[in-house]
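Visitor: This is the structure I have questions about; it appears just below.
The values are calculated or read from the model by the stated rules, or taken from the named source; none is laboratory data. Just so it is clear, the model here is predicted, and its values are computed rather than measured. Please note: Cβ atoms are built from the backbone with ideal geometry, for glycine as well, and neighbour counts cover all protein chains shown. SASA here: full protein model, heavy atoms, side chains in, ligands and nucleic acids out. Shrake-Rupley method; radii C 1.70, N 1.55, O 1.52, S 1.80 Å.
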Amino acid sequence: MSMQSDSRIFVAGGSGMVGSAILRRLQAGGHTHLLAPSSSELDLTDQSAVRRFFHAERPEYVFLAAAVVGGIHANATYPADFITSNLEIQMNTIQSAFATGATKLLFLGSSCIYPRDAPQPIREEYLLTGPLEPTNEPYAVAKIAGIKLCESFNRQFGTNFVSAMPTNLYGPNDNYDPMNGHVLPALVRRFHEAAQAKAAEVTVWGTGEPRREFLYVDDLADACLFLMNEYDGPGIVNVGTGEDQTIAELAAVVSDVVGFKGRIRFDASKPDGTPRKLLDLSKLHALGWRHTTTLREGIALAYGDYLRTGGRTPGTGVDSVEARLQPRAGAEVLPPP
Ligand code: GFB
């Protein structure tokens, strides 16, 4: 059954990069009953608040796009936040969607759920066939738990909770923080600032050799609506472009788009992370969906967003991650063992 124009639709994470793109796409599609409280209006890590929200609003369709996310450095620095907050958000949202009889839920995972040394391109069935990439293992374990939550509710209670696994994403409302963001927005900022300052050189982390696949977030949003309307499982579905490039090649495109004229230097003392994670898209393509935005077009659009916002995107990034490092009100702070 497809979403109707007046269906009650909850976008969890609606102020983040992915959630805001899903909202834009829903609005463009004529959907009028959209529920997207900000994190200050509804803290998804608060189980009682989430229950109250679901019982009051009774969403029929749920896009679970809320997560604590970050790049390779943030994952290494805040592992406890990445695993705890994501498990809480997923448990609370999925349980409440079940308890209030949601028609369908779409959970968004990540391509980092697959084994570090998975054969390329990565097919959905490679999940849990080998060890994970250590730099983002806590985040990946939380996302794998999200997939298993959905599958378990489906098996035990006959719910319709499906999971999509997007590749690396970028676009409007990205986190341009130079330390904690993902590589693409971090490079947009670094190359822009270097171009402005007419700097001779820009440093890119790692060897430049890892390969990554990037999907423009509005394309992901389109895929999410497609899956919500058309796909009833079984199994997870990869979402990407099916094309990847080295970090060095990515840096060259970003440099060109922002008009940087100097040299690019690689700092091999910084971690490379997983060598490659190119998704196999046979399943998604067979269902009838393909991306439309090329990497160069997408980077130009992302750069336009960066220039418009000055790289300040509320609701995402380091502020929200670091806020979670503080003990919660009323929480007991245990001494170290
Ligand atoms: O985007 P990123 O942080 O995450 O890094 P992952 C991708 C690659 O870009 C790594 C290199 O090889 C980095 O060394 N890189 C070069 C940089 N310069 C920079 C820079 O300035 N900033 C950053 N961040 N990287 C993430 C996971 O892995 O993928 C998350 O940590 C999530 O959990 C996400 O799953 C999709 O692609 O390595």
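Visitor: Using Cα pairs under 8 angstrom and six or more residues apart, how large is the relative contact order of the chain, in percent? Intermediate values should be presented prior to the final figure.
Guide: Numbers: 646 pairs, mean separation 69.3, N = 337.
So the answer I get is 21 percent.
Visitor: Once the Cα atoms of helix 247-258 and of the chain are each reduced to a long axis, what angle between those two axes, in degrees from 0 to 90 to the nearest 10, is obtained?
Guide: Approximately 80 degrees, to the nearest ten.
Visitor: Give the calculated FRET efficiency between Arg308 and Arg155 to the nearest 0.05, with a Förster radius of 51 Å applied to their Cβ-Cβ distance. Spell out each step's value before the answer.
Guide: Details: r = 46 Å, r/R0 = 0.89.
Calculated transfer efficiency: 0.65.
Visitor: May I ask you to list the trypsin sites (Lys or Arg not before Pro) in the range 194-236 that are in a DSSP loop and have at most 16 other Cβ atoms within 10 Å of their Cβ?
Guide: Values: sites: Lys198, Arg211, Arg212; in loops: Lys198.
Here the trypsin sites (Lys or Arg not before Pro) that fit, given the DSSP loop and packing criteria, are Lys198.
Visitor: Something else: Quick one: angle between helix 137-157 and the longest Cα principal axis of the chain, in degrees between 0 and 90, rounded to 10, please.
Guide: Taking Cα atoms only, the helix is inclined about 20 degrees.
Visitor: Sticking with this one: Tell me the mean residue ellipticity at 222 nm calculated for the chain from its helices only (DSSP H runs of n ≥ 4, each -39500 (n - 2.57), averaged over every residue, nearest 500).
Guide: -13000 deg cm²/dmol
Visitor: So, one more: By how many degrees, between 0 and 90 and to the nearest 10, does the Cα long axis of helix 17-28 differ from the longest principal axis of the chain?
Guide: The helix 17-28 is inclined about 60 degrees to the chain.
Visitor: Using θ = phi - 60° and the Karplus curve 6.51 cos²θ - 1.76 cosθ + 1.60, what whole-Hz ³J(HN,Hα) does each residue of the range 67-73 get, with Gly and Pro shown as x?
Guide: After applying 6.51 cos²θ - 1.76 cosθ + 1.60, I find 6, 8, 10, x, x, 4, 6 Hz.
Visitor: Under a point spin-label approximation (7 Å from Cα along Cα-to-Cβ), what is the Thr103-Gln245 distance to one decimal in nm?
Guide: Simple spin-label model gives 4.1 nm for this pair.
Visitor: Whole number in Å², please: accessible area per residue of the range 57-119, 1.4 Å probe, ligands, DNA and RNA not counted.
Guide: Details: 1840 Å² over 63 residues.
So the range 57-119 comes to 29 Å² accessible per residue, rounded to a whole number.
Visitor: Using only C-alpha atoms and all pairs of different ones, pull out the Kirkwood radius for the range 67-219 in Å with one decimal. Don't jump to the answer; show the numbers that get you there.
Guide: Details: mean 1/r = 0.0582 Å⁻¹.
The Cα-based Kirkwood calculation yields 17.2 Å.
Visitor: Using DSSP to define loop residues, name the GluC sites (Glu not before Pro) in the range 28-89 whose beta-carbon has at most 13 other beta-carbon atoms within 10 Å.
Guide: Working: sites: Glu41, Glu57, Glu60, Glu88; in loops: Glu41, Glu60.
Answer in residue order: Glu41.
Visitor: If amide H atoms are built 1.01 Å from N in the plane of the peptide, which residues on other chains or at least 5 residues away come under 5 Å of the amide H of Leu215?
Guide: Amide H neighbours of Leu215: Asn168, Leu169, Tyr170.
Visitor: Using modelled amide H (1.01 Å from N, peptide plane; none on Pro or chain starts), what sits under 5 Å from the amide H of Gly181, excluding residues fewer than 5 places away?
Guide: Gly71
Visitor: How large is ³J(HN,Hα), in whole Hz, for each residue of the range 299-309 in order, when computed from phi with the Karplus curve 6.51 cos²θ - 1.76 cosθ + 1.60 and θ = phi - 60°, using x for Gly and Pro?
Guide: Calculated HN-Hα couplings, in order: 5, 4, 5, 5, 5, x, 5, 4, 5, 5, 9 Hz.
Visitor: D for the chain, whole µm²/s, Stokes-Einstein with Kirkwood Rh over alpha-carbon pairs at 4 °C and 1.567 mPa s: what number?
Guide: Working: Rh = 20.4 Å.
So the translational diffusion coefficient is about 64 µm²/s.
Visitor: Next up: With all distinct Cα pairs included, what does the Kirkwood hydrodynamic radius of the range 214-285 come out to in Å, to one decimal, could you say? Intermediate results must be reported in sequence, preceding the final value.
Guide: Details: mean 1/r = 0.0660 Å⁻¹.
Averaging 1/r across every pair of different Cα atoms and inverting gives 15.2 Å.
Visitor: In the P(r) worked out for the range 1-101, what percent of Cα pairs fall beyond 16 Å? Can you show the working numbers first?
Guide: Details: 2897 of 5050 pairs.
Tail fraction, whole percent: 57.
Visitor: With each label point set 7 Å from Cα along the Cα-Cβ vector, what nm distance links Leu34 and Glu201?
Guide: It works out to 4.6 nm between the two label points.
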